[in-house]
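These notes are about the structure you will find just below.
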Amino acid sequence: MSVILWGYQQVQQKLIDLWKADPSLSEPGKVKKYCFGRPVSLSEYPLIYVQFLGGPLPEQEGSVRKEVHVFDFEAVVADRHPDEDVSEKAVEDFAESMQMVVRGDRSLGGLVDSAFVVDVARGELRLLDYSLHAVKVVVRCRKIA
């Protein structure tokens, strides 16, 4: 296995599992679908998908020659509703909860040495009978191996 891909699938799944376990995201009426990677079709809302974005080649650290792996994950939460205020507020609340979960477990259950949010971006699309809102949360992970 290539060193650049060190454990990324485990980390990607861990992010999904942590968000699924959070009551503010998982209670009835909250996020309905979680996807490992970008879904082919967006059919259920609200949803969260997480995909591996990659990262730079590992760097050597110190005299012990440990490799430092840094990799990013894009997590997108999306919702649609006829009332644009409803979907916009929902995704902003979900994105805030997602960030709080990462802040609460910076090692992601011991899989990484640190995890933190490095970017948050919002988007919207207005269609004939509903408004689709999304928030992208980019999580950067660092692992010394």
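The values are calculated or read from the model by the stated rules, or taken from the named source; none is laboratory data. Note that the structure is a prediction, hence the values are computed from the model and not measured. Neighbour counts are summed over all protein chains in view; Cβ atoms, including those assigned to glycine, are modelled from backbone coordinates with ideal geometry.
Points to keep in mind about this one:
- Tally of residues being in a helix (DSSP H, G or I) and at pLDDT 95 or above across region 25-36: 1
- Just one of the listed residues (V86, V91, V102, V68) is surrounded by 14 or more Cβ atoms within 10 Å (Cβ to Cβ) and in contact with a Phe, Trp or Tyr (Cβ under 8 Å, 6 or more places away or on another chain), namely V102.
- Listed by first and then second residue, the pairs linking a residue in region 6-20 that is surrounded by 14 or more Cβ atoms within 10 Å (Cβ to Cβ) to a residue that is part of a helix (DSSP H, G or I) and modelled with pLDDT of 95 or more, with Cβ atoms under 8 Å apart and 6 or more places separating them unless they lie on different chains, are L15/V102; L18/V101; L18/V102; W19/L25; W19/S97; W19/M98; W19/V101.
- Residue ID - nearest to G7 (Cα to Cα), chosen from residues in region 108-145 that are part of a strand (DSSP E or B) and of a type in the set (V, I, T): I144
- Matching residues, region 38-51, being surrounded by fewer than 18 Cβ atoms within 10 Å (Cβ to Cβ) and either at pLDDT 95 or above or part of a helix (DSSP H, G or I) (or both): Q51
- Pair list, Cβ < 6 Å and 6+ apart or interchain, from region 100-111 residues that are without any contact (Cβ under 8 Å) to a residue 24 or more places away in the chain to residues that are not in a helix (DSSP H, G or I): R106/S114; R106/A115
- Checking R80, R140, R103 one by one, the residue that is at pLDDT below 95 and among the basic types (K, R) is R80 and no other.
- Of the criteria (1) part of a strand (DSSP E or B); (2) over 17 Å from D119 (Cα atoms), which one F73 fails: (2)
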